[in-house]
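Some notes on the structure that comes next.
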Amino acid sequence: MSWRTVVVTGCAKLDFKMDYLVVRKQDNINRIHLSEIGILIIESTSVSLTAVLLCELVKKKVKIVFCDEQHNPHSELLPYYGSHDTSIKMKKQIAWDRSVKEHVWTEIVSEKIRNQSRHLEKRGYKVQADMLMQYIKELEFGDVTNREGHAAKVYFNALFGLDFTRSDDNSVNAALNYGYGIMLSYFNREIVANGYATQLGLFHDNMFNQFNLASDFMEPFRILVDKKVKDMEPIKFEHDEKMQLVHILSESVIIDGKNSFVSNAIKIYCKSLFDALNEGDISMIKFYKDEL
């Protein structure tokens with residue numbers, strides 16, 4: 001099972017040798033077996049890679065994220081086909097019943113708000129946590145009244161202050177965006193690995209968004225990033241802070257009654273969503289929990 005998140009910084013040359021990723025730097029050489037790698041983050045623009053390495057990483061379904069000159073996630077590498085039966089999977093995806101998609105989206109929104117409420121309650125924001133639970137009771141099919149948006153405003157204002165907005169240019173938003181970007185990339189990995197298209201979402205339907213479906217699926221997992229950023233309360237957002245967010249994928253949660261790495265929980269969760277969508281049965285969805 002792939003579980004490592006590998007981050008390459010500074011000047012380095014990456015190549016492939018006998019099923020190993022070889023990282024060559026001026027003062028050392030490191031080797032990591034490809035079967036252990038879940039996500040590879042190229043944090044520096046001073047890194048060079050061989051074409052054979054990229055091909056082998058894609059074959060092993062390793063998610064590759066490239067960062068820009070500011071060391072922020074900028075792009076990622078996705079294979080044309082992630083599964084042997086991609087064509088039939090995409091036909092099923094296009095044919096998903098609208099009411100089933102809305103039903104699944106309603107469940108996703110409900111779980112996201114529930115996780116937000118639990119987070120706030122653990123932080124001592126009881127009034128705001130209760131408000132979010134009330135929003136869940138008011139949630140309509142497909143969230144046509146946008147309880148998700150109302151909950152988000154209450155949630156972020158409780159965590160980061162009444163003056164906080166997600167459009168501000170500050171270290172908190174930089175950290176949130178970075179963490180969400182890493183999480184989104186891992187969801188894209190699982191969607192493609194299962195043979196589906198990231199562009200075709202349930203609720204998200206932006207013609208400029210290549211990752212509408214991942215944007216839908218990841219919503220309940222955003223809270224894991226929020227918790228880390230709140231604990232950090234970053235005054236600056238540099239390499240050390242980024243590494244704390246990258247390691248979220250290696251933390252433990254409970255899903256399907258078992259302890260799992262977050263990266264593996266995403267795999268189980270995505271598979272359950274596809275089962276629910278294909279079978280028209282939302283009871284098949286498996287959400288994670290921080291504790292039993």
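Okay, here's what the table says:
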{"read-out": "Filter result for Leu224 (assigned to a helix (DSSP H, G or I), at pLDDT 95 or above and under 25 Å from Ile41 (Cβ atoms))", "value": "yes"}
{"read-out": "Test: Leu245 is of a type outside the set (Phe, Trp, Tyr), in contact with a Phe, Trp or Tyr (Cβ under 7 Å, 6 or more places away or on another chain), crowded, with 18+ Cβ neighbours inside 10 Å and not in a helix (DSSP H, G or I)", "value": "no"}
{"read-out": "Leading residue by the ranking (nearest to Met284 (Cα to Cα)) among those in the range 79-115 that are open to solvent by less than 60 Å² (accessible area, probe 1.4 Å) and of a type in the set (Phe, Trp, Tyr)", "value": "Trp105"}
{"read-out": "Residue list for the range 248-259, filter: of a type in the set (Gly, Ala, Ser) and either open to solvent by 70 Å² or more (accessible area, probe 1.4 Å) or in contact with a Leu (Cβ under 8 Å, 6 or more places away or on another chain) (or both)", "value": "Ser252"}
{"read-out": "Set Arg118, Arg189: member being of a type in the set (D, E, K, R), open to solvent by 40 Å² or more (accessible area, probe 1.4 Å) and not in a loop (DSSP other than H, G, I, E, B)", "value": "Arg118"}
{"read-out": "Any chance His239 is more than 30 Å from Gly124 (Cβ to Cβ) and in contact (Cβ under 8 Å) with a residue 24 or more places away in the chain", "value": "yes"}
{"read-out": "Restricting the range 260-279 to residues that are open to solvent by 30 Å² or more (accessible area, probe 1.4 Å) and in contact with a strand residue (DSSP E or B) (Cβ under 7 Å, 6 or more places away or on another chain), the residue that is modelled with the lowest pLDDT", "value": "Phe261"}
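The values are calculated or read from the model by the stated rules, or taken from the named source; none is laboratory data. Here the structure is a predicted model, which is why all the values come from computation and not from measurement. A quick note on method: Cβ atoms are made from the backbone with ideal geometry, for glycine too, and the neighbour counts reach across all protein chains shown. In case anyone asks, the SASA skips ligands and DNA or RNA and just uses the protein heavy atoms, side chains included. Shrake-Rupley method; radii C 1.70, N 1.55, O 1.52, S 1.80 Å.
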